[in-house]
Amino acid sequence: MAPAKSVLAGFALFHALPSAALVHEAFGADSIDGSGVGRRAFLASTSALRPEFVAQLLTQVEDEWKNEAGKFVSCNRTMGNDAPCFAARKAFDGSCFKVVGAILSGSGGDKDKATEYLGDICRQPSLQGWKRDRCNSFAHGLIASMSENSYSNRNFFHSSSVCNGLWSNFAAEEKLLLAEAEQAQALEHLEAAKKAEAARVKAEQERAEAAKKAEEEAIKAANEAAAERKNKELKEQRVKEEAKIKAETAAKERAEEERQKEVRRKEEEAVRQAEEAKKAAEQASARLKAKKEEAAKEEAAEAAARKAAEAAALKIHQLKALKGAPTKSPRKVQTLGAANHTEAIKNVTIVKKASKLSTVVHK
């Protein structure tokens, strides 16, 4: 609420409280002698005094008092005892004086009546927690400041004594709350700073870990690339060596094949030459055999020719002897036989030459 609204709330509370005429009417003549009958009549007329309604208004007023005290403490903390800070105190005083005046007017200045009436108000369900505590504090401060003289209370009561104490309580409470709030805020700032520092440290650690991980990954990638290059080189070298071995093996196989071919060719040539030699030997053996047979035939022919010549010579000799021809001497006959033998040999020789010629032609 603004200060004007606070004052209006004080007026509303003032009008909600019982008027002096109503109080005197409720207490009657007994209120003068202090017999207590008036107080009982005052409490019996609570429906007319409407304490529940007053309590509801008081909750609003207490909210505003607390708000004004808070404004004052905050302003005084930042600006010191400057004039702008006292506007809140002035608004509180105006509202508080109205409430005190309403209570004194409603109770006719009677301390006991005010005590009972305020007790009835502070016990209302609408006042709970700190509001009920402030209501009891206000009631205690007001009752403690009242004298036993109702007239003096009605006409010469200093409301500032009650309102100053109430203000001190509100201000002290607000100072405590502000200190607690500032402490909580400081703790929050500290916690936020700790969290920020922790976040910074964590981020730094994460960056360091990320950098380390990136470095490790780079080293790993470099090692893998180097290993891959090495493997590739080894593979290429192995392929080259295998190709070389394969080429050498193929060359060896081709050389071996050529050697085998040459061996087979030589073997075949040797076989051929052996066969030719065998054939030549067989031919030579056949020729030798033929020569031997021819020689044998020549010898046989020669022997036959010699024998035929001898036989012819003998026959001729016999024929000549039969005819009475002069007989030749044996020497002459032998000479004639030899001549005939020679002629036979010549015939055999001619036959041999003819046979050789025939053999050459057939070859």
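Among the residues making up the stretch 218-260, a single one is open to solvent by less than 70 Å² (accessible area, probe 1.4 Å), at pLDDT 85 or above and over 32 Å from the mean Cα position of the chain (by Cα): Gln260.
For the stretch 127-149, the condition of being under 23 Å from Lys66 (Cβ atoms), outside any helix (DSSP H, G or I) and without any contact (Cβ under 8 Å) to a residue 60 or more places away in the chain holds for at least one residue.
Being over 20 Å from Lys98 (Cα atoms) and in contact (Cβ under 8 Å) with a residue 24 or more places away in the chain is the filter here; which residues of the stretch 55-71 pass it?
Gly70
Based on what the data block shows, is Leu118 surrounded by 21 or more Cβ atoms within 10 Å (Cβ to Cβ), touching a Cys at 6+ places or on another chain (Cβ under 9 Å) and within 17 Å of Ala55 (Cβ to Cβ)? Yes: the conditions hold for Leu118. Pairs meeting the criteria (first residue in the stretch 309-324 and in a helix (DSSP H, G or I), second residue open to solvent by 60 Å² or more (accessible area, probe 1.4 Å), beta carbons under 6 Å, at least 6 apart or on different chains) are Ala313/Leu336.
Table: residues versus (1) among the basic types (Lys, Arg); (2) modelled with pLDDT under 90; (3) open to solvent by less than 10 Å² (accessible area, probe 1.4 Å).
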site: Leu43; (1), (2), (3): no, yes, no
site: Ala48; (1), (2), (3): no, yes, no
site: Gln56; (1), (2), (3): no, yes, no
site: Ala69; (1), (2), (3): no, yes, yes
site: Gly80; (1), (2), (3): no, yes, no
site: Arg89; (1), (2), (3): yes, yes, no
site: Cys122; (1), (2), (3): no, no, yes
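Is one or more of the residues making up the stretch 323-340 loosely packed, with under 12 Cβ neighbours inside 10 Å and modelled with pLDDT of 65 or more? So far as the stretch 323-340 goes, yes, one or more of its residues are loosely packed, with under 12 Cβ neighbours inside 10 Å and modelled with pLDDT of 65 or more.
Of the residues making up the stretch 124-136, just one is open to solvent by 40 Å² or more (accessible area, probe 1.4 Å) and under 15 Å from Ile103 (Cα atoms), namely Asn136. If you take the residues of the stretch 149-177 that are open to solvent by 70 Å² or more (accessible area, probe 1.4 Å) and of a type in the set (S, T, N, Q), which of them is nearest to Lys111 (Cα to Cα)? My answer is Asn149.
The values are calculated or read from the model by the stated rules, or taken from the named source; none is laboratory data. The structure presented is a predicted model; accordingly, all values stated were derived computationally and were not measured. Because the Cβ atoms are built from the backbone with ideal geometry, glycine has one as well, and the counts that use them run over all protein chains shown. These area figures cover heavy atoms from the full protein model, side chains too; ligands, DNA and RNA do not enter into them. Shrake-Rupley method; radii C 1.70, N 1.55, O 1.52, S 1.80 Å.
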